[in-house]
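The values are calculated or read from the model by the stated rules, or taken from the named source; none is laboratory data. Quick caveat: nothing in here was measured; it's all calculated off a predicted structure. Cβ atoms come from the backbone with ideal geometry, glycine included; neighbour counts cover every protein chain shown. These area figures cover heavy atoms from the full protein model, side chains too; ligands, DNA and RNA do not enter into them. Shrake-Rupley method; radii C 1.70, N 1.55, O 1.52, S 1.80 Å.
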Amino acid sequence: KKPTKYDETYCTKEPRQVHLAAGKDASTGMAISFAVPFNCHPSTYSAAVIYWLEGDKNEIGRVHKQQSDPNRVRQYNNTPTDLLDEFYVSPHFHHIRIDRLEPRSRYNYLCVVHMRENEVEPQQFAKKYRSLARSFQTAPSSSTSFSGNFEFAVLGDSGSGSGGRRTMKLISKARPSLILYAGDVAYCAGRGVRWDHWFEVFEEILSSIPLMPVPGNHDVEPNGVTFELFPNYEPRFAMPQVEDAIIGLGEKGLTHNPNSWHGIYDYGNAFYSFVAGPATFIHLNSYTSSKVGSRQYEFLLQTLQGVDRAKTPWVFVVAHCPLYNPYSKHRHEIQTLMMTEAMEPLFIEYRVNIVFSGHIHAFSRSKNVANGKTGTE
């Protein structure tokens with residue numbers, strides 16, 4: 001009989017909110033994230049990912065085990081700005097990065113939490129619980145010999161309502177290699193329990209397809225007591241980071257979803273880049289400084305200068321706020337004007353192919369556009 005859950009000997013707390021993120025090279029690296037309840041403290045247990053390459057006959061070959069680093073476990077407390085009597089205590093978030101994977105290959109994996117005295121033998125555990133395994137597929141490698149199709153999905157501002165669920169269902173059926181998320185992830189108004197709910201609603205798809213987000217204005221959500229910015233967003237993801245996050249404080253009275261505004265949120269899960277198949281993806285934060293000489297500007301410049309067009313002829317940028325907006329809403333916001341002035345010249349000089357954005361809640365696309373004019377080469 002196939003097990004429906006882990007034995008208590010192995011797992012005292014079932015991992016929740018399992019989701020994936022591509023590594024710096026999406027063909028060889030993957031980050032697997034999951035939550036363990038707050039009352040199960042990391043000092044009392046070990047967490048790991050057990051994974052193996054799927055064989056031709058779905059056989060279990062060599063099994064690998066990657067431990068969670070207890071020093072990198074994230075947990076936070078938060079009070080929403082408009083509900084100062086509400087106190088949220090998050091679960092413990094584990095982010096386990098695995099590398100040296102085979103390109104364009106399918107892997108099965110198990111997230112396991114066990115008491116420290118009950119050591120888990122990977123091969124035995126995989127054989128016993130293979131029916132509970134999840135799976136993911138690595139991207140094709142970036143090389144001059146790339147051939148075939150490479151598909152990814154782009155969405156943003158969806159939340160977990162009926163519209164967001166329908167969109168995710170369509171994406172799940174299409175089975176793209178990646179999901180690029182252009183900000184405003186869960187629409188939680190600062191409430192951490194709603195973030196938990198979002199990851200639980202979409203766990204099935206997010207545990208099999210990497211999600212690569214950028215922060216939007218509805219992800220700012222300053223802590224109502226400490227004024228720390230992005231308190232719900234930064235701890236939950238494991239993007240291919242340049243450095244640890246640098247996060248500033250919001251001013252008193254800042255709402256959970258400011259429109260025309262920017263603060264300080266650099267590195268971490270704020271902006272980053274990665275390669276997948278024939279493309280370099282650059283994810284930017286609309287709500288931090290993008291002025292010439294800023295951390296984000298220098299990151300973008302160095303990334304564009306390092307692109308090898310022979311291997312990744314396509315360069316895509318993702319940012320929450322669109323540089324060009326044909327609608328009346330969200331026009332002339334200060335963070336967008338700043339990014340357009342400083343970064344559009346780099347997009348043009350280094351011939352970025354497409355910029356994907358959200359924020360507007362309406363679909364549009366343009367012909368080639370530069371310096372306010374369409375039809376340019």
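Conditions (1) part of a loop (DSSP other than H, G, I, E, B); (2) closer than 30 Å to ARG191 by Cβ; (3) hydroxyl-bearing (Ser, Thr, Tyr), marked per residue:
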site: LEU83; (1), (2), (3): yes, yes, no
site: GLU86; (1), (2), (3): yes, yes, no
site: HIS95; (1), (2), (3): no, yes, no
site: PRO103; (1), (2), (3): yes, no, no
site: TYR109; (1), (2), (3): no, no, yes
site: ARG130; (1), (2), (3): no, no, no
Checklist entry - Does region 306-329 include one or more residues that are of a type in the set (Ser, Thr, Tyr), closer than 19 Å to ASN257 by Cβ and assigned to a loop (DSSP other than H, G, I, E, B)? => result yes
Checklist entry - Filter region 24-68 for residues that are touching a residue at least 40 places away in the same chain (Cβ under 8 Å) and among the acidic types (Asp, Glu); which is surrounded by the most Cβ atoms within 10 Å (Cβ to Cβ)? => result ASP25
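Could you go through region 292-301 and let me know if any residue there is farther than 30 Å from THR144 by Cα, open to solvent by 20 Å² or more (accessible area, probe 1.4 Å), free of Cβ contacts under 8 Å to residues at least 12 places away in the same chain and basic (Lys, Arg). Explain how you work it out, then say what you get.
Here is the first cut: in region 292-301, the ones farther than 30 Å from THR144 by Cα are 292-295.
Add one more test, that the residue is open to solvent by 20 Å² or more (accessible area, probe 1.4 Å), and what stays is 292-293, 295.
Remaining after also requiring free of Cβ contacts under 8 Å to residues at least 12 places away in the same chain: 293.
After this cut, where a residue has to be basic (Lys, Arg) as well, the list is none.
No: region 292-301 contains no residue that is farther than 30 Å from THR144 by Cα, open to solvent by 20 Å² or more (accessible area, probe 1.4 Å), free of Cβ contacts under 8 Å to residues at least 12 places away in the same chain and basic (Lys, Arg).
Among VAL275, VAL307, VAL318, which is closer than 30 Å to SER105 by Cβ and open to solvent by less than 10 Å² (accessible area, probe 1.4 Å)? Reasoning before the result, please.
Numbers: VAL275 fails: open to solvent by less than 10 Å² (accessible area, probe 1.4 Å); VAL307 fails: open to solvent by less than 10 Å² (accessible area, probe 1.4 Å).
The unique qualifying residue is VAL318.
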Checklist outcome for this item: When VAL352 is run through (1) more than 12 Å from SER286 (Cβ to Cβ); (2) free of Cβ contacts under 8 Å to residues at least 40 places away in the same chain; (3) of a type in the set (Val, Ile, Thr); (4) buried (at least 18 other Cβ atoms within 10 Å of the Cβ), the failure sits at (2)
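Residues are listed down the side, and each one gets a yes or a no for (1) open to solvent by less than 90 Å² (accessible area, probe 1.4 Å); (2) over 15 Å from TYR297 (Cβ atoms); (3) in contact with a Pro (Cβ under 7 Å, 6 or more places away or on another chain); (4) modelled with pLDDT under 95:
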{"residue": "ARG331", "(1), (2), (3), (4)": "no, yes, no, yes"}
{"residue": "GLN335", "(1), (2), (3), (4)": "yes, no, no, no"}
{"residue": "MET338", "(1), (2), (3), (4)": "yes, no, no, no"}
{"residue": "GLU341", "(1), (2), (3), (4)": "no, no, no, no"}
{"residue": "PHE356", "(1), (2), (3), (4)": "yes, yes, no, no"}
{"residue": "LYS367", "(1), (2), (3), (4)": "no, yes, no, yes"}
Checklist entry - Which condition breaks for ARG134 when tested against (1) touching a Lys or Arg at 6+ places or on another chain (Cβ under 6 Å); (2) of a type outside the set (Val, Ile, Thr); (3) surrounded by fewer than 19 Cβ atoms within 10 Å (Cβ to Cβ)? => result (1)
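Return yes when ARG72 is basic (Lys, Arg), open to solvent by 20 Å² or more (accessible area, probe 1.4 Å) and closer than 18 Å to CYS40 by Cα and no when it is not. Break it down into steps so the answer makes sense when it comes.
Numbers: basic (Lys, Arg): yes; open to solvent by 20 Å² or more (accessible area, probe 1.4 Å): yes; closer than 18 Å to CYS40 by Cα: yes.
When the stated conditions are applied, ARG72 passes them.
Would you point out which residue out of GLY159, GLY148 is closer than 27 Å to SER357 by Cβ and either free of Cβ contacts under 8 Å to residues at least 12 places away in the same chain or open to solvent by less than 20 Å² (accessible area, probe 1.4 Å) (or both)? Break it down stepwise before answering.
Working: GLY148 fails: closer than 27 Å to SER357 by Cβ.
Sole residue among the options that is closer than 27 Å to SER357 by Cβ and either free of Cβ contacts under 8 Å to residues at least 12 places away in the same chain or open to solvent by less than 20 Å² (accessible area, probe 1.4 Å) (or both): GLY159.
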Checklist entry - Does any residue in region 226-251 that is free of Cβ contacts under 8 Å to residues at least 60 places away in the same chain come within less than 8 Å, Cβ to Cβ, of a residue that is assigned to a loop (DSSP other than H, G, I, E, B) and hydroxyl-bearing (Ser, Thr, Tyr) six or more places away or on a different chain, and which pairs are these? => result GLN241/TYR267; VAL242/TYR267; GLU243/TYR267; ASP244/TYR267; ALA245/TYR267; ILE246/TYR267; LEU249/THR226
